[in-house]
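Only one structure is covered here, and it is reproduced in the block below.
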Amino acid sequence: MRLLSIFFPLLFMLSSLFAQKDTGYQLPPQALQDLVNAPQTPSVYTNSTGDWLVLMQRPGFISIEELAQPELRLAGLRINPRTNGASRSTTYVGLTFRSVLSDTEKMVEGLPEDALIQNVRWSPDGQNLAFTIQKVAGIELWVADVKTGSAHKLTEPIINDALYGTPYVWLPDSKKLIYKSVLADRGPAPEQPLAPNGPIIQEANGTEAPVRTYQDLLQNAHDEALFMYYSTSQLHLVQVDNKHSTAYGEPGIYDDFYPSPDGQYVFTSSIQQPFSYIVPMYRFPLKAAVRDLDGNIIQTIADLPLADNIPKGFDATTVGPRGFQWREDHPSTLVWVEAQDGGDPARESEIRDQIFYLPAPFTGEKIAGITTSLRFRGIDWGNDELAIVREYSRKTRKMLTSTFVPGDPASKTVLFDLSSEDRYGNPGYFATHTNEFGREVLLMDKSGKKLYLEGTGASPEGNRPFVREFSLKTRKSKELWRSQAPYYENSIQLLDIKKGLILTRRESPTEPPNYFLRDLKKGTLTALTQIAHPYKELKGIQKQVVTYQRKDGLELSGNLYLPEGYTAEDGPLPTFMWAYPREFKSAKAASQRQGSPYSFVRLSWGSAVPFVTQGYAVFDGFSMPIIGEGDAEPNDGFREQLVMNAEAAVNKLADMGVTDRNRVAVGGHSYGAFMTANLLAHSNLFAAGIARSGAYNRTLTPFGFQAEPRTYWEAPEIYYNMSPFMHADKINEPLLMTHGEADNNSGTFPIQSKRLFAAIKGMGGTARLVMLPHESHGYRAKESILHMFWEMNRFLDTHVKNRTLASESEQKVGEGEK
């Protein structure tokens, strides 16, 4: 008894020592609170004719109570069972129409109080705006009229928005919509049985089936029943003017449905059984069909099996028809693509994909179209004489853009043969306009010999967006307009290229983005919006683009932010550096600048810039290229290049006199968190690190990760050497880790952070792990974001700003590789 009386108090003391700390949600300094609470910049969406735009007011961050609503995680989906919609979707709280060609502005009236607006879509004629409104127990479909500015409800809260995509579609006449509803007679949701019917069994039959580490997959028969219950819907055809609605077709799990350009047919694809426990719903069996306006199937186009055995590789794809679309310049011709190499990028093949056509009435044989030597990436339709096809190889980064005559399989002619990594050489994308069917087709002059290009205009001076006229005959471009300093301005829509009217969005480091009507012929600029600066705390900060070289001569750059009023006489500052690694096959491409010195300082929950208000120099988005030229893969030199990049950045800032190299922290989110843990393990450059929602043990993602094409069994040394978990004993600088408990990102399971924390703790290191309830890969609740900033600020102040050099070993910080 004496022994027990001593043992139990000791046990209680030990359990208390290792217990979790319940601090509650904390608030950071006021300046950081103000930035989080700043008004959100409205989103802007133009109609097809370019004469109206709608300003969509965004709410602030939601509360943790809202985020904590019930959520089902099924087949790669996250569903709110109360609404039968997505549990984590973008919402708006107000709509305002703004004329592009006049001063007319109308706030949309008739909306319910505290409306949560989603799925906003203009009608093809640009005169009506459809959207859904999320209610407590369901989702309604609404339409607003541009002429009157008034909105009216089309349905009760019956819309099924559980799957990806918009739960309704406009018909080309702009008078009717097809929408998905929950089944009226489906009854209550299936209940979890107290005891299972039997074990859960999966089987491998000897066929290779490499799949990535997906989350939120089906787990058992009850999950299958829930997936069926919430995803099954009934299509309806509704008249916009009188709300008259009729059932369209039979119930099903419709993942896609869209009408032909002439509105006489509707393509539908629906998910079939059997389901899978190892891949998400978009790889489930699929039935593709064409229906008439009464909902009757007039032709089944494909009955595709479960796609759980796709070959490995980034350019791998399924066998059989895929990528269904309507030919946008024809009344009713269905188009799709089929792999000619078995979907296997490792197989030698001169032809990867081929396009096929099937015109109405869809009873004949499919018509073979052009072939592609790389994997098909999309088509821009023009007319019977011209279309543009894009193809791409992930392995080589090769990108081809070609013209072709839709009716001639041998007519393909390459226009651009580029590397996807070559930002400077990117010619842009071809502009489109709305045709008689209300569909987007290539914008061309009357002769049909000239097209128009829009692009970001990457250059050594930074991004300078442009509009160019492109001659199909000479294959040369003529510049019509380009963004000029001291502004960053990009084209949103070519409203009337003949008159020289374009809609643009313009900003500067101190002026938030606003929309303008630019007249190229008159040289005038008319403001359409007056969005105010949302961040008064950042108005006085200093921003500059800093360029430098790493020790192998590669050119690098980053955005440096300095506190308001800072001068060189103030001496070096504690510094917070933030980055995200990028893989390249070319050193030349890796050294190209990105972004613009004239863009507005945007903030989000994931930004490091707010810490400039706390006395830190912030080096945001500094270059972190990982290069593998020729036969080498980028990750073959991952660790060495990671350290080289960081060392060059620290040295540059220290040489400029703005950074105290003994007080530098590094941080990143997702792959940036992976970078951070690796830098602490393999360098002495930093006093501390902040890693958010990362993956740290690559053996848990054995079939590839990020841009790594090899499996663990093909390159075990790469997986081992790149995993900071394997080198946790070398992480001897403090590390703050945050992770959403409901992370849905492939590979970044919350267990990744928990295991690295346990390893660091077990090896006697210094770490703090913060698991955010209900948060996914990106954080949404205001309480979570404010607390995250509190954690970061407290951590930085303790381990960086107020750091003291207590030992000789600590003074080695900043000396490079360990």
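So what is the orientation-averaged projected area of region 282-376, using the convex hull of its C-alpha atoms, in nm²? Before the final figure, lay out the partial values.
Values: hull surface 27.3 nm².
So the Cα hull casts an average projection of 6.8 nm².
Please work out the FRET efficiency for the pair Asp241 and Thr413, using the Cβ-Cβ distance as r and a Förster radius of 51 Å; give the result to the nearest 0.05. Walk me through the numbers before you get to the answer.
Working: r = 47 Å, r/R0 = 0.92.
Efficiency at R0 = 51 Å is approximately 0.60.
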Sort Asp216, Asp422 by accessible area with a 1.4 Å probe, largest first. Asp422, Asp216
Using a Förster radius of 41 Å, what is the FRET efficiency between Glu113 and Glu640 based on their Cβ-Cβ separation? Nearest 0.05, please. 0.10
For the pair Asp292 and Asp185, how long in nm is the line joining their label points, each one 7 Å along Cα→Cβ? 2.6 nm
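Please report the carbon-and-sulfur percent of the accessible area for region 663-818; probe 1.4 Å, protein heavy atoms only, DNA, RNA and ligands left out. Please report the intermediate quantities before stating the final value.
Numbers: 2610 of 5380 Å².
On region 663-818, the fraction of accessible area on carbon and sulfur atoms equals 48 percent.
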Mind pulling the angle between the C-alpha long axis of helix 2-17 and the longest principal axis of the chain? Nearest 10 degrees, somewhere in 0 to 90. 60 degrees
Could you report the chain's accessible area per residue, 1.4 Å probe, as an integer in Å²? 44 Å²
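Show that you can apply the helix-only estimate: for the chain, add -39,500 (n - 2.57) for every DSSP H stretch of four or more residues, divide by all residues, and state [θ] at 222 nm to the nearest 500.
Working: 10 runs with 108 residues, N = 818.
One gets -4000 deg cm²/dmol as the mean residue ellipticity at 222 nm.
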Under a straight-distance cross-link criterion of Cα-Cα below 19 Å, which lysines are reachable from Lys652, leaving out those fewer than 8 residues away in the same chain? Lys543, Lys551, Lys812
In Å and whole numbers, how far do the C-alpha atoms of region 193-270 stretch along each principal axis, longest first? 53, 36, 20
For each pair in Lys761/Lys801; Lys476/Lys588; Lys147/Lys539; Lys536/Lys801; Lys473/Lys588; Lys412/Lys446, compute the distance between the two Cα atoms and list the pairs where it is over 27 Å. Lys147/Lys539; Lys473/Lys588
Within straight-line cross-link reach of Lys175, aspartates and glutamates at Cα separation under 14 Å, skipping those fewer than 8 residues along the same chain: Asp125, Asp145, Asp241, Asp262
Order by protection proxy (mean Cβ within 10 Å, highest first), peptides 695-705, 398-408: 695-705, 398-408
On a 0 to 90 degree scale, rounded to 10, what angle separates helix 750-762 from the longest Cα axis of the chain? 10 degrees
Taking all protein chains as present, what is the carbon and sulfur share of the accessible area of region 459-513, in % to the nearest whole number, probe 1.4 Å? 47 percent
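Multiply the residue gap between Asp519 and Lys395 by 0.36 nm, knock off their C-alpha separation, and tell me the result in nm, one decimal place. Numbers along the way, then the final one.
Numbers: separation 124, 0.36 × 124 = 44.64 nm, distance 4.27 nm.
Extra length from Asp519 to Lys395 when fully extended: 40.4 nm.
Using the per-residue mean of other Cβ atoms lying within 10 Å as a proxy for protection, in what order, highest first, do the peptides 527-535, 788-796 fall?
On the way: 527-535: 14.8, 788-796: 21.3.
The most tightly packed comes first, giving 788-796, 527-535.
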Once Lys and Arg are counted +1 and Asp and Glu -1 for all other residues with Cβ under 9 Å from that of Arg390, the total becomes -1
What spacing in nm lies between the two simple spin-label points modelled at Gln542 and Glu469, each 7 Å away from Cα in the Cβ direction? 4.5 nm
On a 0 to 90° scale, report how tilted helix 638-656 is relative to the longest principal axis of the chain, with both axes built from alpha carbons and the result rounded to the nearest 10. 70 degrees
Could you report the accessible area of Lys478 in Å², rounded to 10, computed with a 1.4 Å probe on the protein chains as they sit in the structure? 120 Å²
Separation between Cα centres of region 89-167 and region 634-678, rounded to whole Å: 46 Å
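How large is the Kirkwood hydrodynamic radius of region 458-558, in angstrom, based on all distinct alpha carbon pairs?
16.1 Å
How much space per residue, in cubic angstrom, does the convex hull of the C-alpha atoms of the chain take up? Could you put the intermediate results ahead of the total?
Working: hull volume 162.4 nm³, N = 818.
Per residue, the Cα convex hull of the chain comes to 199 Å³.
Rounded, prolate or oblate: which one fits region 12-147, using the alpha carbon gyration tensor with axes a ≥ b ≥ c (rounded when a/c is under 1.5, else prolate when a/b beats b/c, else oblate)? If you can, show how the numbers build up before the last one.
Details: a/c = 3.36, a/b = 1.90, b/c = 1.77.
Cα axes put region 12-147 in the prolate bin.
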Alpha-carbon centroids, region 331-382 and region 451-481: separation in whole Å: 30 Å
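Assuming a ≥ b ≥ c are the square roots of the Cα gyration tensor eigenvalues, decide whether region 383-466 counts as rounded (a/c under 1.5), prolate (otherwise, with a/b larger than b/c) or oblate. The partial results should precede the final answer.
On the way: a/c = 2.40, a/b = 1.35, b/c = 1.78.
Oblate, because a/c is 1.5 or more while a/b does not exceed b/c.
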What is the distance in Å between the Cα centres of region 691-757 and region 29-79? 30 Å
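I need the calculated FRET efficiency for the pair Thr23 and Phe356, taking r as the beta carbon distance and R₀ as 60 Å, to the nearest 0.05.
Numbers: r = 60 Å, r/R0 = 1.01.
Efficiency, rounded to the nearest 0.05: 0.50.
Expressed as a fraction of 2.2 N^0.38 Å, the rule-of-thumb size for a compact globular protein of N residues, what is the C-alpha radius of gyration of region 572-666? Walk me through the intermediate numbers first.
Details: Rg = 14.7 Å, N = 95, 2.2 N^0.38 = 12.4 Å.
The value comes to 1.19.
For a quick protection proxy, order the peptides 196-203, 710-717 by their average other-Cβ count within 10 Å, most packed first. Please report the intermediate quantities before stating the final value.
On the way: 196-203: 7.2, 710-717: 14.0.
Highest to lowest by the protection proxy: 710-717, 196-203.
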Cα gyration tensor, region 133-259 - rounded (a/c under 1.5), prolate or oblate: prolate
Cα to Cα, under 22 Å, and not fewer than 8 places away if on the same chain: which lysines meet these conditions relative to Lys287? Lys180, Lys366
If I compute solvent accessible area with a 1.4 Å probe over the protein chains, what percent of it on region 240-321 is carbon and sulfur? 47 percent
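The values are calculated or read from the model by the stated rules, or taken from the named source; none is laboratory data. Remember, predicted model here, so these are calculated numbers, not experimental data. Every residue, glycine among them, receives a Cβ derived from its backbone with ideal geometry; neighbour counts consider all protein chains shown. The area values use the complete protein model at the heavy-atom level, side chains included, leaving out ligands, DNA and RNA. Shrake-Rupley method; radii C 1.70, N 1.55, O 1.52, S 1.80 Å.
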